[in-house]
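Working notes for the structure below.
The values are calculated or read from the model by the stated rules, or taken from the named source; none is laboratory data. Just so it is clear, the model here is predicted, and its values are computed rather than measured. Here the Cβ positions follow ideal geometry from the backbone for every residue, glycine too, while neighbour counts run over all protein chains shown. For the accessible areas, the whole protein counts, side chains as well, though only heavy atoms, and no ligand, DNA or RNA atoms are used. Shrake-Rupley method; radii C 1.70, N 1.55, O 1.52, S 1.80 Å.
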Amino acid sequence: MQVLHTIRQWRDYTQGQRDAGASIGLVPTMGALHAGHASLFGEAKSRGDVVVATIFVNPRQFGDPHDLTAYPRTPDDDRVLASEHGVDCLVEPSLAEMWPDYPNPTPTTVTVSGISELLEGEGRPGHFDGVASVVAKLLVVTGPCRVYFGEKDFQQIAVVRQMVRDLALPVEVVPCPIIRDRDGLALSSRNTLLSGAARHQALALSHALASVTDHDLYASQARRVMRERMQDAGVQVAYADVVDPITFLPTRDDEQGERRALVAGVVEGVRLIDNARIVVAARRD
Ligand code: PAF
């Protein structure tokens, strides 16, 4: 596995691979790699020739400086996991390489309006601008590729898809299923920040989703049940919603069919998210 640090090396590498006829699969990450990332590497390897992974903890998507400082960083383990799961090239750009003006504001920002202001965007203003801006840069430097994202960050995928469409980037966005621990907890780099008791509490997110996804509920019933399940477990609920999976607009009670249930909550100061497909029934009374 090659490990690169500069944009120039990274651009030359991906261009060289394409010139040699190889297709590129890009897996953007913020490190603290786990089995969820490994599944993205595996998917990229099975669908393409060369897997490029990036590790960059992007300060522009963190509103709270404490959250940025606390974000887990495990560079040595990350290299081992990446090389054992088929990554051909690991890019670890420095902050100066990615955002040369930092800590001053970077004048260029990519904003996907609409979706970015809802749910995660409402609770974390500017978060999706930071995500869209860094992913745009990763895609521009990498060039034509498939890019792989886990569905745990379901809204992030919608933001990136819209951006790719609007900017006509030569990229195919590939969503991949959420990987869960045996007890149902969605894998997340942030899980390592949880104590044993908090990890147990965090299970309320996946339990809340499981308690509504196949239960013939209308949208506001599902919202109430999810919120109650999380509150009962002591989770500080950020949202528990049922939305259209493309527009992210809230589902009305007279609508029926396939939607997305999304939850977010804070456990022991750690913000966690999860989501699942849901089929809602229309309210009858
Ligand atoms: O999902 C993540 O890890 C990050 O939001 C991403 C896509 C790597 C952008 O920093």
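In summary, residue 26 fulfils each of the numbered conditions (1) within 14 Å of the ligand (Cβ to nearest atom); (2) assigned to a loop (DSSP other than H, G, I, E, B) with the single exception of condition (2). Taken over the stretch 143-178, the residue count meeting the criterion of being assigned to a loop (DSSP other than H, G, I, E, B) and over 12 Å from the mean Cα position of the chain (by Cα) is 6. For the stretch 214-246, the set of residues classified as under 21 Å from the mean Cα position of the chain (by Cα), of a type in the set (Ser, Thr, Tyr) and in a loop (DSSP other than H, G, I, E, B) is empty. Checking the stretch 168-181 against the condition returns no match, with no residue being surrounded by 19 or more Cβ atoms within 10 Å (Cβ to Cβ) and either away from the ligand (no atom under 16 Å from the Cβ) or without any contact (Cβ under 8 Å) to a residue 24 or more places away in the chain (or both). The single condition from (1) open to solvent by 70 Å² or more (accessible area, probe 1.4 Å); (2) not in a loop (DSSP other than H, G, I, E, B) that residue 121 fails is (1). Filtering the stretch 143-163 to residues that are away from the ligand (no atom under 13 Å from the Cβ) and surrounded by fewer than 23 Cβ atoms within 10 Å (Cβ to Cβ) leaves 143, 144, 146, 162. Regarding residue 12, is this residue acidic (Asp, Glu) and assigned to a loop (DSSP other than H, G, I, E, B)? No: the conditions fail for residue 12. In the set (1) touching a residue at least 40 places away in the same chain (Cβ under 8 Å); (2) buried (at least 18 other Cβ atoms within 10 Å of the Cβ), residue 42 fails one condition alone, (2).
Summed over the stretch 256-283, the residues that are part of a loop (DSSP other than H, G, I, E, B) and open to solvent by 40 Å² or more (accessible area, probe 1.4 Å) give a count of 4. Within the stretch 182-196, take every residue that is away from the ligand (no atom under 16 Å from the Cβ) and touching a residue at least 60 places away in the same chain (Cβ under 8 Å) and give me the one that is least open to solvent (accessible area, probe 1.4 Å). Per the stated criteria, the residue is 194.
The criterion of being open to solvent by less than 10 Å² (accessible area, probe 1.4 Å), within 22 Å of residue 170 (Cβ to Cβ) and away from the ligand (no atom under 12 Å from the Cβ) holds for residue 51.
Going through (1) under 22 Å from residue 271 (Cα atoms); (2) touching a residue at least 60 places away in the same chain (Cβ under 8 Å); (3) surrounded by fewer than 17 Cβ atoms within 10 Å (Cβ to Cβ) one by one, residue 28 falls short only on (3). Name every residue in the stretch 209-225 that is within 12 Å of residue 259 (Cβ to Cβ) and polar (S, T, N, Q), in order of residue number. 213 - this is the single residue of the stretch 209-225 that is within 12 Å of residue 259 (Cβ to Cβ) and polar (S, T, N, Q).
For the stretch 93-116, a tally of residues being part of a helix (DSSP H, G or I) and either modelled with pLDDT under 95 or open to solvent by 30 Å² or more (accessible area, probe 1.4 Å) (or both) returns 3.
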